[in-house]
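Written below as structure tokens is the structure these notes are about.
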Ligand SMILES: *Cc1c(COP(=O)(O)O)cnc(C)c1O
């Protein structure tokens, strides 16, 4: 396998911990958690792992400015802004909002909390856009920055291309070195742009993890996401000089937990967030890890993890970060019960 160079932005390895009080309360299998909420760098998360490789790539191409895009409370944007600040680069964020962008200032007032507050604090240039106009505006922004005499680099949505996904290939190696005596039957986590699941899926293959990789979709239909992940995992394998390919049928994604849609926390998410907080003192986020944990809890209750119970395999829940969204204005009312 090709070894990749990176710029260090994290403090790895992130810890693995057992969650005995949560397991007991759920009457389910043992549960372990991989704490990628503790990667470091401005509250960290899974995008920080990807950015170690993406920022190396950007620097090696001579870039002085990174451009990326995401939702208003995007963790990816916040971590990109932090990485850019640390490396002395400029960062431009295109943030998508629903509806017309005309009421810019109002929008800012309304949303200036959580990740967005941190984007601002970290010195990123913020540009508002609507989903339908995003691609054109990204291109315009790229060209404008070039015309200003700077050297822009486009960080893909969610950091999910072969460069970014490679980080989770290596993260699997890190995990397996930590859990020699644990042998989880399943790794469960939130899946969205697919880079994390593509990397974990490929890493499992390369490093010989035989349990199931289970993505809980936060915003996408399972067929679409499986397709995206299998392509990205195959492309990432090529990028790393590994002759491995994946098919959508070989990817496990649940899309049963989309609720009212992306970023809308309902009863199941709140229940999961409260359980993790009160049984284990652990903070999940309302968009990704709260939804993934809600999915895991439901799957425990439906007996999904019973298949190998004779072997007593535990579940490994991979915490992917996102906790600043807990402090977004949007979630204030619902998190106060
Ligand atoms: C982006 C993100 C995910 C999803 O990761 P992908 O690689 O985009 O699938 C999960 N959890 C959190 C907290 C995230 O910010």
*Kindly indicate which of 203, 215, 290 is in a strand (DSSP E or B) and in contact with a helix residue (DSSP H, G or I) (Cβ under 9 Å, 6 or more places away or on another chain).*
215
*asked:* Quick test for you: out of 139, 117, pick the one residue that is surrounded by 15 or more Cβ atoms within 10 Å (Cβ to Cβ), out of contact with any strand residue (DSSP E or B) (no Cβ under 6 Å at 6 or more places or on another chain), closer than 29 Å to residue 191 by Cβ and at pLDDT 95 or above.
replied: 117
*Pull up region 8-29, narrow it to residues that are buried (at least 18 other Cβ atoms within 10 Å of the Cβ) and in contact with a helix residue (DSSP H, G or I) (Cβ under 8 Å, 6 or more places away or on another chain), then point me to the one that is modelled with the lowest pLDDT.*
28
*Looking only at region 149-183, which residues are crowded, with 24+ Cβ neighbours inside 10 Å, more than 12 Å from the ligand (Cβ to nearest atom) and part of a loop (DSSP other than H, G, I, E, B)?*
155
*Test residue 227 against the stated conditions and say whether it is surrounded by fewer than 19 Cβ atoms within 10 Å (Cβ to Cβ), on the phi > 0 side of the Ramachandran plot and not in a strand (DSSP E or B).*
no
*asked:* Going residue by residue through region 73-81, is there one that turns out to be assigned to a helix (DSSP H, G or I), touching a residue at least 24 places away in the same chain (Cβ under 8 Å), more than 16 Å from the ligand (Cβ to nearest atom) and touching a strand residue (DSSP E or B) at 6+ places or on another chain (Cβ under 6 Å)?
replied: no
*asked:* Which residue is surrounded by the fewest Cβ atoms within 10 Å (Cβ to Cβ), if the candidates are limited to region 43-71 and must be in a loop (DSSP other than H, G, I, E, B) and within 13 Å of the ligand (Cβ to nearest atom)?
replied: 43
*Quick one: count up the residues across region 278-301 that are within 16 Å of the ligand (Cβ to nearest atom) and either surrounded by fewer than 24 Cβ atoms within 10 Å (Cβ to Cβ) or on the phi > 0 side of the Ramachandran plot (or both).*
2
*Under the condition of being surrounded by 23 or more Cβ atoms within 10 Å (Cβ to Cβ) and in a helix (DSSP H, G or I), which residue from region 236-275 is farthest from the ligand (Cβ to nearest atom)?*
237
_I'm checking my understanding of the structure. Among residues of region 30-40 that are away from the ligand (no atom under 13 Å from the Cβ) and not in a strand (DSSP E or B), which one is surrounded by the fewest Cβ atoms within 10 Å (Cβ to Cβ)?_
40
*Looking at (1) closer than 30 Å to residue 74 by Cβ; (2) modelled with pLDDT under 95, can you tell me which one residue 308 breaks?*
(1)
*Residues of region 300-337 classified as without any contact (Cβ under 8 Å) to a residue 60 or more places away in the chain, assigned to a helix (DSSP H, G or I) and closer than 19 Å to residue 258 by Cβ, total*: 1
_Candidate set from region 184-213 (those that are more than 9 Å from the ligand (Cβ to nearest atom) and within 14 Å of the chain's Cα centre (by Cα)); member that is farthest from residue 297 (Cα to Cα)_ = 200
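The values are calculated or read from the model by the stated rules, or taken from the named source; none is laboratory data. Quick caveat, the model's predicted, so the values are computed rather than measured. All Cβ positions, even for glycine, are placed from backbone atoms using ideal geometry, and neighbour counts span all protein chains on display.
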